[in-house]
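Asks: I'd like to ask some things about the structure below.
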Amino acid sequence: MSEQPPTPAPKPAGAPEPEPIRFFGTSWLNRDNGYWPRRVGVSVGALVATAAAVLVLRFGVEGVALSDSGGFLNGLLTAAIAVCSMMAVRRTWKVLTEGKDQLTGWMAEDKSLGAVWLIGGAGSLAAYFARSLVEAPGEGAKRAAYQRAVERHGKRQSNRSGRPDTKAPGRGKRKR
């Protein structure tokens, strides 16, 4: 006879639910339901995407180099790609470890720095790959937020009296 996996205990009403992560859903919470094969798949996919992005950037740099525009422009283009990639790596790492709501200053700019994030896409994908070797990208931030929500829920539940919908005994309306 085959064993059935144990059914999880039902959650109490009002208990916090974990937020899903792209490609993982909520399997990151208990690291079940194909979590490990997904982690491998995400790592390999991020590495392949990083290689493709680097190849596209290389074609762009070679195209500028073929135009005989000079060494200064080639150096400037290479420096711009390096700076944009470093900025994208830093931003992506912070998003994956601390959460998007923790971004401040230049990192929080999505629209005005869109070109920087596009040029630094290879760096961003490299950071995603590196983070996927440690955990599901974004898992640390989601796990911390979920733990805080569970603790707040536990404190609210423990602060309630045994009869939350009724008034304390002997405390009727005051007569005037």
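Asks: Output the residue which, of all residues in the stretch 25-50 that are surrounded by fewer than 14 Cβ atoms within 10 Å (Cβ to Cβ) and of a type in the set (A, V, I, L, M), is farthest from the chain's Cα centre (by Cα).
Replies: This residue is Val48.
Asks: For the stretch 109-132, enumerate the residues that are out of contact with any helix residue (DSSP H, G or I) (no Cβ under 6 Å at 6 or more places or on another chain) and farther than 12 Å from Thr50 by Cβ.
Replies: Selection gives Glu109, Asp110, Lys111, Ser112, Leu113, Gly114, Ala115, Leu118.
Asks: Is one or more of the residues making up the stretch 101-116 part of a helix (DSSP H, G or I), within 30 Å of Asp32 (Cα to Cα) and out of contact with any strand residue (DSSP E or B) (no Cβ under 7 Å at 6 or more places or on another chain)?
Replies: Yes; the residues of the stretch 101-116 include at least one that is part of a helix (DSSP H, G or I), within 30 Å of Asp32 (Cα to Cα) and out of contact with any strand residue (DSSP E or B) (no Cβ under 7 Å at 6 or more places or on another chain).
Asks: Residues that are at pLDDT below 85 and either within 30 Å of Val134 (Cα to Cα) or in contact with a Gly (Cβ under 8 Å, 6 or more places away or on another chain) (or both): does the stretch 13-30 have at least one?
Replies: yes
Asks: Now a separate question. Given Leu55, Leu125, Leu73, which one is in contact (Cβ under 8 Å) with a residue 60 or more places away in the chain and open to solvent by 40 Å² or more (accessible area, probe 1.4 Å)?
Replies: Being in contact (Cβ under 8 Å) with a residue 60 or more places away in the chain and open to solvent by 40 Å² or more (accessible area, probe 1.4 Å) holds for just one of Leu55, Leu125, Leu73, which is Leu125.
Asks: Could I ask something else about it? Output yes when any residue across the stretch 94-109 is at pLDDT 90 or above, open to solvent by less than 50 Å² (accessible area, probe 1.4 Å) and in contact with a Ser or Thr (Cβ under 7 Å, 6 or more places away or on another chain), and no when none is.
Replies: No, the conditions are met nowhere in the stretch 94-109.
Asks: Right, here's the next one. Using the structure shown, decide if Glu17 is without any contact (Cβ under 8 Å) to a residue 40 or more places away in the chain and under 30 Å from Arg152 (Cβ atoms).
Replies: When the stated conditions are applied, Glu17 passes them.
The values are calculated or read from the model by the stated rules, or taken from the named source; none is laboratory data. Predicted, not measured: the structure shown is a model, and the values here were computed from it. Note: ideal-geometry Cβ built from the backbone for every residue, glycine included; neighbour counts use all protein chains shown. Accessible surface areas use protein heavy atoms only, side chains included; no ligands, DNA or RNA. Shrake-Rupley method; radii C 1.70, N 1.55, O 1.52, S 1.80 Å.
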